[in-house]
Amino acid sequence: MRLRATVAAALGAAGMLLALPGSALAAYGEFSYSVQHRGQVYQTSISDPVGHDCHRLNLPVDSPAYRVHNGTNATAVVFLDSNCATDTFYTLAPGQTAPAGVLVRSVIFSR
């Protein structure tokens with residue numbers, strides 16, 4: 001009898017987790033940035049990024065991103081390293097652009 005109740009409770013909890021919206025942690029909008037490579041400036045973006053995951057920016061090995069704009073509805077924390085792990089970071093509110101001189105290689109979004 002106890003096993004049956006335990007299994008029923010576990011299945012109920014699993015059902016509740018599956019019923020939660022999967023996009024609750026997602027940010028909506030675009031996070032854009034510029035990068036210079038071989039004398040050319042490129043602008044690219046991340047659309048609707050997953051929240052609470054470290055996003056390594058698609059960059060040439062020797063060039064960090066700059067002109068970073070958080071066009072999402074979430075707070076973006078940008079980092080100079082590519083693993084969201086250093087204490088060199090800057091926080092961008094939704095709609096905010098990083099000041100000149102902020103160099104970025106990775107970003108985490110949170111809502």
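Nothing in this text is a laboratory measurement; each read-out follows from the coordinates by a stated rule. Just so we're clear, the structure is a prediction, and the values are computed from it rather than from any experiment. Note: ideal-geometry Cβ built from the backbone for every residue, glycine included; neighbour counts use all protein chains shown.
Please report the net charge: other residues with Cβ closer than 12 Å to the Cβ of residue 29, K and R +1, D and E -1. Please list the in-between numbers first.
Numbers: positive: 111; negative: 30, 48.
Net of charged neighbours comes to -1.
Residue 44 to residue 63: extension gain in nm, 0.36 nm per residue of separation minus the Cα-Cα distance? Don't skip to the end; give the middle numbers.
On the way: separation 19, 0.36 × 19 = 6.84 nm, distance 1.38 nm.
Taking residue 44 through residue 63 to full extension adds about 5.5 nm, to one decimal.
Using label points projected 7 Å from each Cα along Cα→Cβ, tell me how many nm separate residue 111 and residue 34, to one decimal.
3.0 nm
Find the Cα radius of gyration of segment 31-111, compare it with 2.2 N^0.38 Å by division, and give the number to two decimals. Walk me through the numbers on the way to the answer.
Values: Rg = 11.5 Å, N = 81, 2.2 N^0.38 = 11.7 Å.
Normalised Cα radius of gyration, segment 31-111: 0.98.
Report, by chain and number, residues whose modeled amide H sits under 5 Å from the one on residue 57, excluding near sequence neighbours (fewer than 5 apart, same chain).
Here the answer is 106, 107, since their amide H atoms fall under 5 Å of that of residue 57.
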